[in-house]
Amino acid sequence: MQSVKPQIFNYFTKVQKSDLCHFIASYVKKDFDEATEVLAEKFIEDQKHYLEINSTRFPYLAEFIDEPEFLKELELYIKECKQKYKYQEKQKPMYEKQKAYMKEQRKKVQESKMAKDFPTRAQISYYKKLCQKFTIENPLDVNKASKLDLRDAIDAILQIEEIADREFVLEKLNKIAKTDK
């Protein structure tokens, strides 16, 4: 898809043209399902209104806004923006899949790094404290374990704690329910 930007609004400075094009693109993005002519007319009406109340972002539009060439170029640019946004919508599912795949790959790389690294002192200390708290005998040799091994062991201990907490809460609720009867 070839851009029409170099061919349109050449009577503005580069900064003015860039500012106007960015604004039009965001204007089109809000409701790109509408017809090109409708969007162009709505844009021109809005800008005329802002020019009347002296509150416009584009004061340089005053001398060009009523010219048919401006309308023609505006419609051309709106049409290009709509095509771009429709293409992005079509590509969105593929982009999301690719994003999920890349996230999964980063996780695998991180885990492979953790499998090679030695655990930190804080990690070892936390593991030992958890084992003491839940009176679990250290099944893991801390000197030979990797960061990944310790992380998995800590996760397993914490999951056991969550299950025990849930069972404790359920037990309390059952006692309360029995006493209410």
Considering residues of segment 1-20 that are buried (at least 16 other Cβ atoms within 10 Å of the Cβ) and part of a helix (DSSP H, G or I) only, the residue farthest from the chain's Cα centre (by Cα): LYS17
- prompt: Going by the structure shown, is LEU39 within 13 Å of LEU71 (Cα to Cα) and not in a loop (DSSP other than H, G, I, E, B)?
  reply: yes
message: Can you find a residue that is at pLDDT below 85, over 32 Å from the mean Cα position of the chain (by Cα) and surrounded by 11 or more Cβ atoms within 10 Å (Cβ to Cβ) anywhere in segment 147-157?
response: yes
task: Filter segment 45-56 down to the residues that are free of Cβ contacts under 8 Å to residues at least 12 places away in the same chain and not small (Gly, Ala, Ser), then identify the one that is surrounded by the most Cβ atoms within 10 Å (Cβ to Cβ).
output: THR56
- prompt: Are any of the residues in segment 57-64 among the charged types (D, E, K, R), without any contact (Cβ under 8 Å) to a residue 24 or more places away in the chain and either closer than 30 Å to ALA153 by Cα or assigned by TED's automatic domain parsing to the domain that holds ARG151 (or both)?
  reply: no
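The values are calculated or read from the model by the stated rules, or taken from the named source; none is laboratory data. Here the structure is a predicted model, which means the values were calculated and not measured. All Cβ positions, even for glycine, are placed from backbone atoms using ideal geometry, and neighbour counts span all protein chains on display.
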